[in-house]
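A short write-up of the structure that comes next.
The values are calculated or read from the model by the stated rules, or taken from the named source; none is laboratory data. Only a predicted model underlies this, so the values are computations on that prediction, with no experimental measurement involved. Cβ sites come from the backbone with ideal geometry, for glycine too, and all protein chains shown count toward neighbours.
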Amino acid sequence: MKGLVTVLLLCVSGTVFSQTNFQGKAIYQSKTTIDPNFGGRQLSEERKKQVLQRMKSILEKTYVLNFNRSKSIYKEEEKLEAPGTDKGFRFGGFTGGGIIYKDFKERKLLESTEFFGKKFLISENREQPTWELGEETKQIGDYTCFKATMVKKATGFDWGNLRRRGRATKVKRDTSTVKKVTKNLEVPKEVLVTAWYTPEIPVSSGPGNYWGLPGLILEINEGRTTILCSEIIMNSSEKAEIKEPVKGKKITREKYNKVVKEKMEEMRERFRNRRGDRGGRNFR
């Protein structure tokens, strides 16, 4: 019965898909949750609210995906910062944002992004993602969606996948005993990704780097992050231009990951040196 439903959906969507100059736009809302106790730090409720407000610009984002039969382009929606939001608040200087271009037929992905003030154009040829298709369905807006899952190797650079481990230890210093909360970030080796896609829009694309399913991905769940489609506009009179980004230093994904890793190690070393210069003050 489910197979019959899928065939019917594909037949209906095929009418729209076969139209001349077929193009669509999907709006996505991204939300990342964090440890409400901030790793065991002793913060007042008022202080927690202030920190979360400052982090809102990176915990909650809006993205736009423009797509046609064979290509798509995905970027963060530009908007005015709300009062009280620190636009410059970023983890370790990461600026993120940027453009992700995908060519499904050529299996080509280009990402134009900025890292510590430098612009990069990351290129990679993608193999077909190894999704496991399920029979479970759910409704997202007006669209019937099917579940698909994939286990992928974690890069270690996505802070949304980090798991915090906290333990309290006692440290003696100058005959006085103080309590120090040790915060460790555990990087998982693999992460489970759950996608919900609709065959009613037979376009093999989705938010971020995700693609390769027999329908547009309307929801992604990965680690602490959920990306959910809130609006779809089909065949609007205003057609967006979908073309390859060209700005930034050309680099492969492997080399870019190496640049990020080296910068993160440099940052950790600087942080350790600053703590050493402060002496015992960091225990208070």
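Observations on the model:
- Val51 vs. criteria over 18 Å from Leu218 (Cβ atoms), modelled with pLDDT under 75 and touching a Leu at 6+ places or on another chain (Cβ under 8 Å): yes
- In the stretch 174-194 there is at least one residue matching the filter, namely being modelled with pLDDT of 95 or more, under 23 Å from Ile34 (Cα atoms) and hydroxyl-bearing (Ser, Thr, Tyr).
- Criterion: modelled with pLDDT of 95 or more, among the hydrophobic types (A, V, I, L, M, F, W, C) and surrounded by fewer than 16 Cβ atoms within 10 Å (Cβ to Cβ) - qualifying residue of Leu65, Leu133: Leu133
- Condition check for Gly39: loosely packed, with under 13 Cβ neighbours inside 10 Å, modelled with pLDDT under 85, touching a Lys or Arg at 6+ places or on another chain (Cβ under 8 Å) and not in a loop (DSSP other than H, G, I, E, B): no
- Glu127 vs. criteria at pLDDT 90 or above and either surrounded by fewer than 16 Cβ atoms within 10 Å (Cβ to Cβ) or out of contact with any strand residue (DSSP E or B) (no Cβ under 8 Å at 6 or more places or on another chain) (or both): no
- The listed residues are Lys258, Lys243, Lys247, and the only one of them that is touching a Leu at 6+ places or on another chain (Cβ under 7 Å), of a type in the set (Lys, Arg) and modelled with pLDDT under 95 turns out to be Lys247.
- Pairs linking a residue in the stretch 217-241 that is under 13 Å from Asn66 (Cα atoms) and free of Cβ contacts under 8 Å to residues at least 12 places away in the same chain to a residue that is in a strand (DSSP E or B) and acidic (Asp, Glu), with Cβ atoms under 7 Å and 6 or more positions apart or on different chains, do not occur.
- Candidate set from the stretch 72-124 (those that are in contact with a helix residue (DSSP H, G or I) (Cβ under 7 Å, 6 or more places away or on another chain) and assigned to a helix (DSSP H, G or I)); member that is modelled with the lowest pLDDT: Gly92
- Condition check for Met234: modelled with pLDDT under 95 and under 30 Å from Gly117 (Cβ atoms): no
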